[in-house]
Amino acid sequence: MDERLDFLFLTEEEAVQAGAKDMPRCIEVMDEMFSLLGQGDYLMGTPNQNAHGIKIYFPKETPFPNMPVKGPDRRFMALVAYLGGRFHVCGEKWYGSNIANRERGLPRSILTTLLNDPDTGAPIAFLSANALSSTRTGAIPAVGARYFAKNNTKVLSEIGAGVIGRACVAALMVVLKQVEEIRIYDINQDAAQKYCQELSETYGVRAVAVESVEAAVRGADVINVATAGAVSPEIQDEWLKEGVLLTLPASAALSLNTMKSARIVVDNWKMYEAYAQELRGLPGGYAANLSGICGYLMDLVEGGEIPQQDIVNLGDVIAGKQEGRRDDQERVIFIMDGMPIEDLAWGYTVYENAKEMGLGTKLNLWEKTR
Ligand SMILES: NC(=O)c1ccc[n+]([C@@H]2O[C@H](COP(=O)([O-])OP(=O)(O)OC[C@H]3O[C@@H](n4cnc5c(N)ncnc54)[C@H](O)[C@@H]3O)[C@@H](O)[C@H]2O)c1
């Protein structure tokens, strides 16, 4: 018996060569992944099989000089899953995030993805996953927009134009064919200006760096928020247009009225139930213990402000179990926290491409087990 065990290693550049930034393809693959989710052909961590992942919680202070301490967007996370369908793969995304990385000339988060054979447990690929992860994250608001944006979307706004915000705009521009104006709001105004030049060259549309959240929001048809850091942008109810779609891969400060009057769509409500099992009863409620708007939503559901049965799962819409947009008037808020099954679906696709293209380095785990 051949006991030799090899797996494929892909550098960041090789993953990109193998299509990690191919947004139109990623949107299709994410749509397929949501359909599998809607059918139930997946597993994520913990006994309820729906955990986002496991996180290292850093202390506020420590007597140990080298131990990391709590900071905005500072975390280590392992996201584990099995995904079925044609993917039939187990795996993990593992990353560290630290806003201070920017001062070191590094991206905020540094990510890798490991794919394993679900039967034997053997690794099949280990990939640098920065492009992989930002592309899959950007694709999710676009999948949401396919089912929940109004047909005639003319104005797209992005609040926070970092790695994820740019990926979201790239993805939304794939599905929103009638956009005539893109507005960018970022606290880094110079970067926003430069980005707008790139956008108008790429898409031939008007692209404006605006000076406030309000200027980004008023009159916009689709608004995506992807800021990082301690303060989330506040969006006031009266700024939001009828029929608006708000896509939130990151947090926004929204009033109770905004939340209650909108149709709330999530990537996977069972994942928020898994969070609740982990965090229920902690001081400050879910909002204080979970980054992003997810904690706020969970507090509103637990407090009886939003009926849980009114929350729509995107996977159920794609699997034909729930309705997408119902009319041009309803406001929709799509909240997504990211799932390891996204990393598996996209990581596996990139791995398959790399194999076909002869990319990557074959690494040997062992020649013989004994
Ligand atoms: N839902 C998911 O699956 C998922 C996955 C990855 C990242 N994220 C989230 O996406 C967010 C962005 O990540 P990133 O990697 O692009 O970070 P990044 O640091 O590259 O970019 C963040 C951008 O936001 C801007 N910004 C910060 N505060 C702002 C404010 N109040 N108003 C306007 N602009 C502001 C910064 O100047 C920067 O350009 C993070 O919150 C991260 O946790 C979500």
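Quick one: which helices (runs of 4 or more DSSP H) sit completely within segment 244-303 and have at least 1 residues that are within 20 Å of Thr137 (Cβ to Cβ) and touching a residue at least 12 places away in the same chain (Cβ under 8 Å)? I'd like the intermediate steps shown before the answer.
Working: elements: 256-261, 269-279, 285-289, 294-302.
Per the criteria, 269-279, 294-302.
Which pairs do you get when a residue that is among the aromatic types (Phe, Trp, Tyr) and part of a helix (DSSP H, G or I), found in segment 23-34, comes within reach of a residue that is at pLDDT 95 or above and open to solvent by less than 10 Å² (accessible area, probe 1.4 Å), reach meaning Cβ atoms under 6 angstrom, with the pair 6+ apart or on two chains?
Phe34/Leu314
Applying the selection to segment 38-59, what residues are more than 26 Å from Gly96 (Cα to Cα) and either assigned to a helix (DSSP H, G or I) or in contact (Cβ under 8 Å) with a residue 40 or more places away in the chain (or both)?
Step one: list which residues in segment 38-59 are more than 26 Å from Gly96 (Cα to Cα), which gives 38-41.
Once the filter is applied, which keeps residues that are more than 26 Å from Gly96 (Cα to Cα) and either assigned to a helix (DSSP H, G or I) or in contact (Cβ under 8 Å) with a residue 40 or more places away in the chain (or both), segment 38-59 yields Gly38, Gln39, Asp41.
When segment 222-265 is examined, which residues are found to be more than 11 Å from the ligand (Cβ to nearest atom), open to solvent by less than 10 Å² (accessible area, probe 1.4 Å) and within 19 Å of Tyr147 (Cβ to Cβ)?
Val222, Ile223, Gly243, Val244, Leu245, Leu246, Ile264, Val265
Residues of segment 189-213 being away from the ligand (no atom under 12 Å from the Cβ) and not polar (S, T, N, Q), which ones? Explain how you work it out, then say what you get.
Filtering segment 189-213 down to residues away from the ligand (no atom under 12 Å from the Cβ) leaves 193, 196-208.
Hits for segment 189-213 are Cys196, Glu198, Leu199, Glu201, Tyr203, Gly204, Val205, Arg206, Ala207, Val208.
Considering only residues of segment 131-180 that are β-branched (Val, Ile, Thr), within 23 Å of Gly38 (Cα to Cα) and open to solvent by less than 20 Å² (accessible area, probe 1.4 Å), which is nearest to the ligand (Cβ to nearest atom)? Break it down stepwise before answering.
Step one: of segment 131-180, the residues β-branched (Val, Ile, Thr) are 135, 137, 140, 143, 153, 155, 159, 163-164, 169, 174-175, 179.
Pick out the ones that are also within 23 Å of Gly38 (Cα to Cα) and you get 135, 137, 140, 143, 175.
In the following step, the residues that additionally are open to solvent by less than 20 Å² (accessible area, probe 1.4 Å) were identified as 135, 140, 143.
Working: Thr135: 11, Ile140: 7, Val143: 12 Å.
It comes out as Ile140.
With respect to Leu111, is the statement that it is more than 12 Å from the ligand (Cβ to nearest atom) and in contact with a strand residue (DSSP E or B) (Cβ under 7 Å, 6 or more places away or on another chain) true?
Details: more than 12 Å from the ligand (Cβ to nearest atom): no; in contact with a strand residue (DSSP E or B) (Cβ under 7 Å, 6 or more places away or on another chain): yes.
It is false that Leu111 is more than 12 Å from the ligand (Cβ to nearest atom) and in contact with a strand residue (DSSP E or B) (Cβ under 7 Å, 6 or more places away or on another chain).
Just checking, does segment 203-220 include any residue being closer than 16 Å to Ile159 by Cβ, part of a loop (DSSP other than H, G, I, E, B), free of Cβ contacts under 8 Å to residues at least 60 places away in the same chain and touching a helix residue (DSSP H, G or I) at 6+ places or on another chain (Cβ under 7 Å)? Steps first, please.
So the first thing to find is which residues in segment 203-220 are closer than 16 Å to Ile159 by Cβ, and the list is 207-220.
Keeping just the survivors that are part of a loop (DSSP other than H, G, I, E, B) gives 210-212, 218-220.
Of the ones still in play, those that are also free of Cβ contacts under 8 Å to residues at least 60 places away in the same chain are 210-212, 218.
Then drop every residue that is not touching a helix residue (DSSP H, G or I) at 6+ places or on another chain (Cβ under 7 Å), which leaves 210, 218.
Taking every residue of segment 203-220 in turn, at least one turns out to be closer than 16 Å to Ile159 by Cβ, part of a loop (DSSP other than H, G, I, E, B), free of Cβ contacts under 8 Å to residues at least 60 places away in the same chain and touching a helix residue (DSSP H, G or I) at 6+ places or on another chain (Cβ under 7 Å).
Go through segment 87-117 and give me each residue that's over 18 Å from Thr227 (Cα atoms), free of Cβ contacts under 8 Å to residues at least 24 places away in the same chain and not aliphatic (A, V, I, L, M).
Trp94, Arg104, Gly105, Thr112
When the residues of segment 270-286 are filtered to those that are more than 15 Å from the ligand (Cβ to nearest atom) and hydrophobic (A, V, I, L, M, F, W, C), which remaining residue is most open to solvent (accessible area, probe 1.4 Å)? Give the derivation first.
Residues of segment 270-286 that are more than 15 Å from the ligand (Cβ to nearest atom), as a first pass: 270, 273-274, 276-286.
Of the ones still in play, those that are also hydrophobic (A, V, I, L, M, F, W, C) are 274, 276, 279, 282.
Values: Ala274: 11, Ala276: 8, Leu279: 8, Leu282: 75 Å².
Within segment 270-286, the match that is most open to solvent (accessible area, probe 1.4 Å) is Leu282.
Restricting attention to segment 69-83, and to residues there that are at pLDDT 95 or above and farther than 14 Å from Met339 by Cβ, which single residue is surrounded by the most Cβ atoms within 10 Å (Cβ to Cβ)? Explain how you work it out, then say what you get.
Initial filter on segment 69-83 (at pLDDT 95 or above): 69, 76-83.
Among the residues that remain, those that are also farther than 14 Å from Met339 by Cβ are: 69, 76.
Values: Val69: 11, Phe76: 17.
Residue satisfying both the conditions and the ranking: Phe76.
Search segment 322-351 for residues that are within 27 Å of Asn151 (Cβ to Cβ) and pair each with any residue that is modelled with pLDDT under 95 and surrounded by 24 or more Cβ atoms within 10 Å (Cβ to Cβ) when their beta-carbon atoms are under 6 Å apart and the residues are at least 6 apart or on different chains.
Cβ pairs passing all conditions: Ile335/Ile293.
Which ones in segment 111-123 are out of contact with any helix residue (DSSP H, G or I) (no Cβ under 7 Å at 6 or more places or on another chain) and of a type in the set (A, V, I, L, M)? Steps first, please.
Our first condition is that a residue be out of contact with any helix residue (DSSP H, G or I) (no Cβ under 7 Å at 6 or more places or on another chain); within segment 111-123, this holds for 112, 114, 116-123.
Leu114, Ala122, listed by residue number.
Condition first: crowded, with 18+ Cβ neighbours inside 10 Å, in contact with a Phe, Trp or Tyr (Cβ under 8 Å, 6 or more places away or on another chain) and not in a loop (DSSP other than H, G, I, E, B). Now tell me which residues in segment 309-368 satisfy that.
The answer is Asn313, Leu314, Gly315, Val317, Ile318, Val332, Phe334, Ile341, Leu344, Ala345, Tyr348.
The values are calculated or read from the model by the stated rules, or taken from the named source; none is laboratory data. All figures in this text were calculated on a predicted structure; none of them were measured in a lab. Cβ sites come from the backbone with ideal geometry, for glycine too, and all protein chains shown count toward neighbours. To get the accessible areas, we keep the full protein, side chains included, count just its heavy atoms, and leave off ligands, DNA and RNA. Shrake-Rupley method; radii C 1.70, N 1.55, O 1.52, S 1.80 Å.
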